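Working notes, beginning with the structure itself.
The values are calculated or read from the model by the stated rules, or taken from the named source; none is laboratory data. Bear in mind the structure is a predicted one, so any value in this text is a computation, not a measurement. Don't worry about glycine lacking a Cβ; one is built from the backbone with ideal geometry, like all the others, and counts go over all protein chains shown.
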Ligand code: SAH
C-alpha cells in the first residue's frame, strides 16, 4: 500500500484517534497516491498508525478510515460501517417519532466526509471529502441496499468540497423521483423538505429534540423565532399553544416553505406573522416599537465555521443576544444557539452572559442544548460537537 509518513512527534493526534491529518504533520508520501486513494499512515519511527484517504489538495491531507491498520478499505468495509450507522439510528427512540433522521454523520460514524440524511423514503447524501468521493459508487449502492430507500438525492454542493478540490454535484444519484419536496413527520408535525435547494440537505435535523423542548415551553407565550428557516421552531411553538409567533428570516425561499409547512398542519395561520428581514435590523425595529416577548428562539447560521472567524462571530452572537434580552419580558425564556465549530460552549456562555449584563437583565441558565442523538460525537473528534445552546430564564 502507498504510505504517508508523519514527522517526528506529530503522531500524537492520530494516536488519540483524531481522524484528520494535516499537511504540516507529513514528512513524505510514498507511491504517488491518487486523490481519495487509501494510504497507510506511519509514525516517524515507521510504525503503522492508521489507514486513511489521501486528499492532495486539502490542508487536511488525509482522513482516517480506521485506526486498526489491519483493515482493508473495500466495499465490505463500507458495508459494515454504513450498516452500523443505520442500526444505531434504528435503535434510537427518535425513530418512533420521526421519519427523518441523520443516518450517517461523517467522522463520528467512522465515515469522514460522508453525510446521509433520510427524509421519509428519500436519502440525501453529501460526499464532502476526496475519500468519500473516491468510494461514491459503492457507497450509493450500499445505501440503497442497507436503507431500503430507492432514491438518493445528492447535495455535494457544500463549500468544503472546494477545499478538497472537488466540483459541486447536485441531483438524483439513484432512483428517478420528481419529488424534490419530501414530506416528513417530526413529533406529529408535518414539514416539507426542499432537498434540491434547501439549506444543507434541506432540514436541520440536529434541532429535533430542541424544537420539541421549545414546544413544551411555549404555552400562552408571545414568541419570537429569529432565523426561522422553514418554520421548525415556529410550528413547534404554535403546536405547543403559543399565543402568537413572529418568525423572521432573510430568505424568501425559506419563508415560502415555512408557509407551506404551516398549511400542512392543523394550526391557525392568524397566529403567526412571517417577516422576511435581517434579524439584526429587525430586532432593533421591535425594540423601537416597544415590543416584548415571553419566548425567544435565536438559531442563527454558523457565524464562525472555523477558529479564524471567531472574533467577528463573537460580536454577532453578542449583538443578537443583547437585543434578545432587551426584547425579553420578565419571566421570559431565551433559547439561544450556536452551531459554530469555532465557538466553544464556554465561549458561547460567556458571550450570552456579557449580552445579559449589557442589557441590564438578570438571567439564569436553566438548561443546555446539544444536537440530537442521530448526530453523535466521536470522543476522538471534538470538532463534531458543534451545536450548543442555552435555555435562559430572565428574572
Ligand atoms: N431554526 C431553523 C434553522 C435556522 S438556519 C430550524 O430549526 O429549521 C439559519 C437561518 O438563518 C437560515 O434560514 C438563513 O436564511 C437565516 N439567516 C442568515 N442570516 C440571516 C440574517 N442576517 N437575518 C435573518 N435571517 C438570516
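Couple of notes before you dig in:
- Residue count for segment 372-386, restricted to those that are touching a strand residue (DSSP E or B) at 6+ places or on another chain (Cβ under 7 Å) and closer than 30 Å to residue 221 by Cβ: 2
- Some residue of segment 316-324 being assigned to a strand (DSSP E or B) and either touching a strand residue (DSSP E or B) at 6+ places or on another chain (Cβ under 8 Å) or closer than 24 Å to residue 288 by Cβ (or both): no
- Cross-chain or 6+ apart pairs with Cβ under 6 Å, segment 281-299 first and touching a residue at least 24 places away in the same chain (Cβ under 8 Å), then within 16 Å of the ligand (Cβ to nearest atom) and assigned to a loop (DSSP other than H, G, I, E, B): 295/218; 299/227
- Residues located in segment 350-375, provided they are surrounded by 16 or more Cβ atoms within 10 Å (Cβ to Cβ), in contact (Cβ under 8 Å) with a residue 24 or more places away in the chain and under 18 Å from residue 299 (Cα atoms): 351, 352, 355, 356, 369, 371, 372, 375
- Residue list for segment 118-175, restricted to those being part of a helix (DSSP H, G or I), buried (at least 23 other Cβ atoms within 10 Å of the Cβ) and out of contact with any helix residue (DSSP H, G or I) (no Cβ under 9 Å at 6 or more places or on another chain): 130, 131
- Against the test of being in contact with a strand residue (DSSP E or B) (Cβ under 6 Å, 6 or more places away or on another chain) and within 13 Å of residue 261 (Cα to Cα), the options 225, 194 yield a single qualifying residue, 194.
- Flag if residue 128 is touching a strand residue (DSSP E or B) at 6+ places or on another chain (Cβ under 6 Å) and either in contact (Cβ under 8 Å) with a residue 40 or more places away in the chain or under 21 Å from residue 66 (Cβ atoms) (or both): no
- All told, residue 178 falls short of being within 16 Å of the ligand (Cβ to nearest atom), modelled with pLDDT under 95 and at negative phi.
- Contact map, segment 61-73: first residue touching a residue at least 24 places away in the same chain (Cβ under 8 Å), second residue surrounded by fewer than 17 Cβ atoms within 10 Å (Cβ to Cβ) and assigned to a loop (DSSP other than H, G, I, E, B), Cβ cut-off under 6 Å, separation 6 or more or different chains; pairs are 67/17.
- Meets criteria (surrounded by 19 or more Cβ atoms within 10 Å (Cβ to Cβ), farther than 26 Å from residue 96 by Cβ, in contact with a strand residue (DSSP E or B) (Cβ under 7 Å, 6 or more places away or on another chain) and touching a residue at least 24 places away in the same chain (Cβ under 8 Å)) for residue 257: no
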